[in-house]
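Read through the structure below, which is laid out as structure tokens, and then see the notes.
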Amino acid sequence: MTFRVRDRLQVMSRLLYSVTMSADGFIAGPGGDMSWLTAHLGPNPLADDLVGRIGALLVGNRTFRGDDPNKGTDKEGAFEGAWHGPQIVLTHHIPDTPVPGVEFAGNLADAVAAAKAAADGKYVNVLGADVARQCLEAGLLDEVLTMVAPVFLGDGVRLFEHPGGTNVKLDRLSVGHVPHAVNIWYRVSS
């Protein structure tokens with residue numbers, strides 16, 4: 001979607017939920033444990049290319065405060081430390097002390113608006129199952145990229161969970177594979 005702003009063409013940022021998940025649909029182990037992930041990361045040109053197409057992160061509170069399997073290394077942070085830029089954290093517990101490069105928002109509408117403004121026409125990459133679910137339920141999520149790792153976790157945080165079930169239609173945009181994952185990119189049907 002595009003629109004004109006003061007005689008210049010502006011591209012509307014899209015919300016993308018990109019995530020590595022286990023073959024049984026978990027993005028984190030029990031208690032949000034992400035340590036399983038390091039054994040299943042490897043070269044992935046699609047993920048590497050995506051980093052430059054992201055303008056901002058929209059992050060859930062548990063993800064922001066959660067377990068980074070690369071904490072304390074040069075690969076700490078989003079996309080193994082390759083991505084740097086604005087982060088908007090959706091939380092009801094806004095800290096008193098500012099965090100450099102991070103903006104906190106108390107509701108979904110404000111968080112999405114801030115993330116889209118910060119993304120400046122690039123993707124807003126959604127991190128966190130709960131915030132992704134909220135975006136999906138609000139009709140705000142545009143695309144989903146799952147990088148499926150060849151492992152079963154058996155328990156943990158699901159890619160998508162909706163108590164009582166639901167039927168969300170996705171249109172497959174592309175499928176590809178690398179040694180450590182199968183990449184499946186979808187557009188959320190309207």
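For this structure, a couple of remarks:
- Number of the condition not met by Asp96 [criteria: (1) farther than 23 Å from Asn61 by Cβ; (2) surrounded by fewer than 14 Cβ atoms within 10 Å (Cβ to Cβ)]: (1)
- Filtered by the rule that a residue be in contact with a strand residue (DSSP E or B) (Cβ under 7 Å, 6 or more places away or on another chain), surrounded by 12 or more Cβ atoms within 10 Å (Cβ to Cβ) and among the β-branched types (Val, Ile, Thr), region 169-187 gives Val182, Ile184.
- Hits in region 153-168 - residues which are at pLDDT 95 or above and either open to solvent by 70 Å² or more (accessible area, probe 1.4 Å) or out of contact with any Asp or Glu (no Cβ under 8 Å at 6 or more places or on another chain) (or both): Asp155
- Test result for Val148, within 23 Å of His84 (Cβ to Cβ), at pLDDT 95 or above and buried (at least 16 other Cβ atoms within 10 Å of the Cβ): no
- Scanning region 131-165 for residues that are farther than 24 Å from Pro30 by Cβ and hydroxyl-bearing (Ser, Thr, Tyr) returns no hits.
- For region 48-74, filtered to residues that are in a loop (DSSP other than H, G, I, E, B) and at pLDDT 75 or above, the residue that is least open to solvent (accessible area, probe 1.4 Å) is Gly52.
- Residue within region 145-158 that is without any contact (Cβ under 8 Å) to a residue 40 or more places away in the chain and of a type in the set (A, V, I, L, M) present: no
- Pick from region 20-47, criterion touching a helix residue (DSSP H, G or I) at 6+ places or on another chain (Cβ under 8 Å) and part of a helix (DSSP H, G or I), ranking: modelled with the highest pLDDT: Ala47
The values are calculated or read from the model by the stated rules, or taken from the named source; none is laboratory data. This is a predicted model, so every value here is computed, not measured. So basically every Cβ, Gly included, is an ideal-geometry build from the backbone, and we count neighbours across all protein chains shown. Ligands, DNA and RNA are stripped out before the accessible areas are found, and what is left, the full protein with its side chains, is counted by its heavy atoms. Shrake-Rupley method; radii C 1.70, N 1.55, O 1.52, S 1.80 Å.
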